[in-house]
Ligand SMILES: Cc1cc2nc3c(=O)[nH]c(=O)nc-3n(C[C@H](O)[C@H](O)[C@H](O)COP(=O)(O)OP(=O)(O)OC[C@H]3O[C@@H](n4cnc5c(N)ncnc54)[C@H](O)[C@@H]3O)c2cc1C
């Protein structure tokens, strides 16, 4: 019997599992994940700002796979030996004929031990719950968000909304190392978001870094010290530790460079945030395909198709990404984005983002719970 191992039960891994289930009768398909649940990451900021119930933002992997012929192994993968075709988890070796790596990305603390132990990450439902617990226990006067990318902007907005809804007069800052926020986004979006942040009273400290953390005392370069501060750490992501050890072509974040079939070895595929897709040796438009749910799902499905094709001795299919667009959701409902090539701003992109989240959420109970929570919050949100 042939063995197929998928590492990671997130968007990419579960999309692959759906494709593989029942399609290869003479193969055993196992999916490994270190967690029992799959988290719907785009809604993490809304657990804080819109007070979404965390139970609607994650689902047990077992329930999702209940009708599929897939074995779920709840173990953390610690290493992969590409030469002997073995995956190591809980110190046991598992042989594979085909491997699909789909273990996403995790918070990058850039070897800053103080940040790792004292700052709050926002990359899982547990992280969001940890932030909520701290907010319930302690009265913070300052919220410092380290990182001015999409997640940083959303986190800052959500903290602003949390304060507003709970009558807390705290200040929110975004600390960004580079001269501006949101990297390579079009100028109109950056301007729109900057005006938005300004309206919410969120201050951007550009060309700045976190210099020191002493519990709730945070020192930012330029001599600014914030007392009673909560530090949210979202300056970037990297791939899992076991990938750092793999001797394959990767970028500095540890994303594995895949070919047009999403392969990085004859029998090994990679999809989702862990994969860095290149077309014809040149990254798409000189910028690698961004980390997003739509690409993770599409890549997972195509990688699975290509495993099935390999088993059947058929020609592999090339990955041709279809970009539907993207939205930067804002906590004050003034979002912006480009959808099907159209530039949109205001309440419409906010609603479209939430419709996408409800559509993609796992399970009917979660869809209903999210729809109720999000609709309520959209129309109750302060202007
Ligand atoms: C706060 C936030 C907001 C976002 N907002 C948006 C948005 O609005 N729109 C959008 O398109 N994208 C958004 N994203 C990005 C999007 O969530 C990711 O691109 C997507 O989740 C990637 O899917 P994936 O399957 O590659 O990885 P994931 O969904 O991260 O799944 C990876 C899985 O692998 C497991 N895993 C990791 N390491 C191991 C290991 N060693 N052993 C076993 N299992 C392991 C993890 O537990 C996880 O379940 C957001 C991300 C964050 C963090």
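Compute the long axis of helix 364-380 from its Cα atoms, compare it with the longest principal axis of the Cα atoms of the chain, and write down the angle in degrees, 0 to 90, nearest 10.
20
From the square roots a ≥ b ≥ c of the eigenvalues of the alpha-carbon gyration tensor of the range 290-383, which class results: rounded (a/c under 1.5), prolate (a/b over b/c), or oblate?
oblate
Quick one: what Rg and Dmax do you get for the range 120-191 from the alpha carbons, in Å?
Cα only, the range 120-191: 13.3, 40 Å (Rg, Dmax).
How much length is gained on full extension from residue 139 to residue 91, taking 0.36 nm per residue of separation minus their Cα-Cα distance?
Roughly 13.0 nm would be gained on extension.
Using only the C-alpha atoms of the range 215-355, find the volume of their convex hull and express it per residue in Å³.
In the range 215-355, the Cα hull volume divided by residue count equals 187 Å³.
Hey, quick one: spin label on residue 372, modelled 7 Å out along Cα-Cβ, who in the range 38-82 has an amide N within reach, i.e. under 14 Å?
52-57
May I ask you to derive the FRET efficiency for residue 207 and residue 26 from their Cβ-Cβ distance with R0 = 45 Å, giving the value to the nearest 0.05?
Step by step, r from the Cβ atoms, then E = 0.15.
Would you look at the GNM of the chain, springs on alpha carbons closer than 10 Å, and say which of 54, 186, 321 moves the most?
186
Whole Å is fine, so just give me how far the alpha carbon centre of the range 324-380 lies from that of the range 243-271.
32
Compute the helix-to-body angle for 293-311: its Cα long axis versus the longest principal axis of the chain, expressed 0 to 90° and rounded to tens.
So the helix axis and the longest Cα principal axis differ by about 10 degrees.
If you wrap the range 151-284's Cα atoms in a convex hull and average its projection over all directions, what's the area in nm²?
11.3
With a ≥ b ≥ c the root eigenvalues of the C-alpha gyration tensor of the range 342-383, is it rounded (a/c under 1.5), prolate (a/b larger than b/c) or oblate?
oblate
Kirkwood hydrodynamic radius (Cα pairs, Å) of the range 172-249?
Averaging 1/r across every pair of different Cα atoms and inverting gives 14.9 Å.
Report, in whole Å, the centroid distance computed from the Cα atoms of the range 142-162 and the range 204-228.
15
Show that you can apply the helix-only estimate: for the chain, add -39,500 (n - 2.57) for every DSSP H stretch of four or more residues, divide by all residues, and state [θ] at 222 nm to the nearest 500.
Here the helix-only value at 222 nm equals -9500 deg cm²/dmol.
Kindly list the residues of the range 236-256 that lie in the label zone of residue 34, defined by a backbone N under 19 Å from the point 7 Å along the Cα-to-C-beta vector.
Counting only backbone N, you get 236-247, 253-256.
May I ask you to order 95-103, 176-184 by the average number of other C-beta atoms within 10 Å around their residues, highest value first?
In descending order of packing, they fall as 95-103, 176-184.
At a Förster distance of 35 Å, what's the computed FRET efficiency of residue 55 paired with residue 116, Cβ-Cβ distance as r, to 0.05?
In this case the efficiency is close to 0.80.
Counting only Cα atoms, I'd like the Rg/Rh figure for the range 7-158, Kirkwood definition for Rh.
Using Cα coordinates only, the ratio equals 1.04.
Please determine, in degrees from 0 to 90 and to the nearest 10, the orientation of helix 150-165 with respect to the longest principal axis defined by the Cα atoms of the chain, where the helix direction is its Cα long axis.
The two axes meet at around 50 degrees.
Under the √(5λ) rule applied to the eigenvalues of the Cα gyration tensor, what semi-axes describe the equivalent ellipsoid of the chain? Give them in Å, descending.
36, 22, 21
Assuming R0 = 25 Å, what is the FRET efficiency of residue 311 and residue 71, from their Cβ-Cβ distance, to the nearest 0.05?
0.90
Values in this text are rule-based calculations from the coordinates and carry no lab data. Everything quoted here is computed from the prediction, not taken from an experiment. Reconstructed Cβ throughout: ideal geometry from the backbone, glycine too, with neighbour counts over all protein chains shown.
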